[in-house]
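Please read the structure below before turning to the comments.
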Ligand code: WT7
């Protein structure tokens, strides 16, 4: 692997980079390794405004960390107010394009007005530090405005991706104990108005603790408004005060909870806090994206996922960037929509996912070739390992061979980028996230926690706490401990398999647990299984990820039915729809296979490994000595050939 193609940064890129050359990277890395607390304290003082300085950099009572203990700061203040005191006051903070082509250019001063007004609205309705809000919105500027208004007052927010169903929304509102939901009538997707509010109404039937619903009008769709509970954003905004100062909050004050899939059916609420999160997302904006004041930066993710939290909203705004936000689909009205946006706004830095790149490759090079992409100077990738064909295309067709590609490995739990090249320093190897960020002590170990050595596969782990790390699982500290720090005592377990080559480069291979990665979105097999078994016809279900050309993995379900006469074709359709309703459209299974029984071990555990083999190759080669009934497996594999 260490012999594969290597792409060193160009001299021109190095000349203007924040971190210039390998020696500069190594210097940062070693300084952080020798004295991590001093290293992070220096960054926190340089990059962040503090109302009150901390008394202790790190309090580490494994697995619980506190960073910048006693320090007082505010994320909203750092992302908005402080820039208004500088040359950035009239710089565009959020450059937004709606799917229909409408545009908004929100400067830092304008953002301050909008955030302050909405914070006043929340305050006047009685919300304050310690409360929780759920935000369920399309990709409109009012989504980050709502997040920043919550952060301003110390209200922890949980953004629920608009693709989640009412059922999934309900589970999150209940788990968080939110008292307010901020939403919209709908958003635009592929030229159509997609309603959001009905899912909120469905969810709230079982959420008696929600007092207020604030609805932003985006599409002017007909929706129901419940008297006393539901209020229009624009009505509350009328006459709202623009004087609503950011509240100095403890460095460990909860900033947000983001739900993600684990290995059980119940999503985990990943808690991030204030000072440490902000410090590290801001630092990585400069290290990985080499962000300069003149850059126009665009991350194409949805804010409903962590990538959008850290690298559309908090990281870029704290660093004083112009962050581009696009509301709609990448193929609307045509497959060149993204390239049009890059050309139109002269985007310099573009961050997207391998799954998007693969879907665009399929459409042909004439789409990007019709546009002037010469403003681009840096490309990024996130969500899954980037395969060589996608890397090559991204580099040649989009970057014209000029732009480094930063392949960024991180997780919802890590809060910010952990393994990635500093583009003016670290030579690239396609498919590798290259080297850890300063302050990140990674390793590859076996089941006992012993390092496996160069070029051997093992578990990717992190040895030391880092400022933007997960603080706990909301309401479940035991699960937090057991899931991340209990598998190998005192070591953070990422759930990924990886290999490190002789140059120290990391190659992440994928998940080692029952977590699928569909279009860069994390989905647990158990979550889909528990949705399926809720259906009255289903007796048992086993779900595995199946390799998929575009989405990386696709959801494939094996289902046994209760006694009765079933029309398999109709039921297959119904079950796919059922899962979409229980979780969300993005979780809709690609395939449902019916079977009389599922392969199980003698102790009754479903052997997903075998099912994975079946969907990948339609044969079974692994060890089946513990199988209860081998004929089940042969039948499942054969069944596919008949179809
Ligand atoms: C999992 C985390 C971090 C934002 C997006 C997903 C996989 C993520 C990479 C990459 C190889 C990657 C891992 C990780 N992953 N980025 N550059 N190379 N794998 O966040 O939903 O928390 O998923 O995504 O498997 O554990 P997430």
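Using alpha-carbon pairs under 8 Å, 6+ residues apart, how would you state the relative contact order of the chain in percent?
14 percent
For n ≥ 4 DSSP H runs only, could you compute -39500 (n - 2.57) per run for the chain, divide by its residues and tell me the 222 nm figure to the nearest 500?
Result for the chain, helices only: -8500 deg cm²/dmol.
Counting only DSSP beta bridges with both residues in the chain, tell me the antiparallel percent, nearest 5.
Beta bridges within the chain, antiparallel portion: roughly 60 percent.
Can you tell me how much longer the chain between residue 375 and residue 243 gets when fully stretched, taken as 0.36 nm per residue apart minus their C-alpha distance, in nm with one decimal?
43.7 nm
How big is the Cα convex hull of region 519-642 in projection, averaged over all directions, in nm²?
The orientation-averaged projected area of the Cα hull of region 519-642 comes to 7.7 nm².
Which FRET efficiency value, to the nearest 0.05, is calculated for residue 621 and residue 90 with the Förster distance at 60 angstrom and r the Cβ-Cβ distance?
So the FRET efficiency works out to roughly 0.40.
How far apart, in nm, are two points set 7 Å out from the Cα along the Cα-to-Cβ line at residue 231 and at residue 20?
5.4 nm
Quick one: if the Förster radius is 60 Å, what FRET efficiency do residue 11 and residue 59 give, using the C-beta to C-beta distance and rounding to 0.05?
My answer for the efficiency is 0.85.
Order by neighbour count: 214, 461, fewest other Cβ atoms within 10 Å first, most last.
461, 214
Order these by the 10 Å Cβ neighbour count, fewest first: 557, 220.
Going from sparsest to densest Cβ surroundings: 220, 557.
Let me know the shape class of region 332-407, please: from the alpha-carbon gyration tensor, a ≥ b ≥ c as square roots of the eigenvalues, rounded when a/c is under 1.5, otherwise prolate if a/b is greater than b/c, or oblate.
oblate
Between region 44-58 and region 204-265, what is the C-alpha centre distance in whole Å?
When both Cα centres are located, 30 Å separates them.
Rounded to the nearest 0.05, what FRET efficiency is calculated for residue 30 and residue 263 with R0 set to 45 Å and r the Cβ-Cβ distance?
FRET efficiency, residue 30 to residue 263: 0.80.
Put a dot 7 Å past each Cα toward the Cβ at residue 591 and residue 105; how far apart are the dots in nm?
5.0 nm
Just for the Cα atoms in the chain, what are the lengths along the principal axes, largest first, rounded to whole Å?
Taking max minus min along each principal axis of the Cα atoms, the chain gives 72, 64, 56 Å.
Considering Cα pairs under 8 angstrom that are at least six residues apart, work out the relative contact order of region 441-506 and quote it in whole percent.
40 percent
State whether region 112-318 is rounded, prolate or oblate according to the following rule on the C-alpha gyration tensor (a ≥ b ≥ c being the square roots of its eigenvalues): a/c under 1.5 gives rounded; otherwise a/b larger than b/c gives prolate, and the remaining case gives oblate.
Here region 112-318 falls in the rounded category.
Which order do the peptides 394-400, 438-444 take when ranked by the mean count of other beta-carbon atoms within 10 Å per residue, highest first?
Highest to lowest by the protection proxy: 438-444, 394-400.
Taken together, the values in this text are just the output of simple stated rules run on the coordinates, not laboratory data. This is a predicted model, so every value here is computed, not measured. Cβ atoms come from the backbone with ideal geometry, glycine included; neighbour counts cover every protein chain shown.
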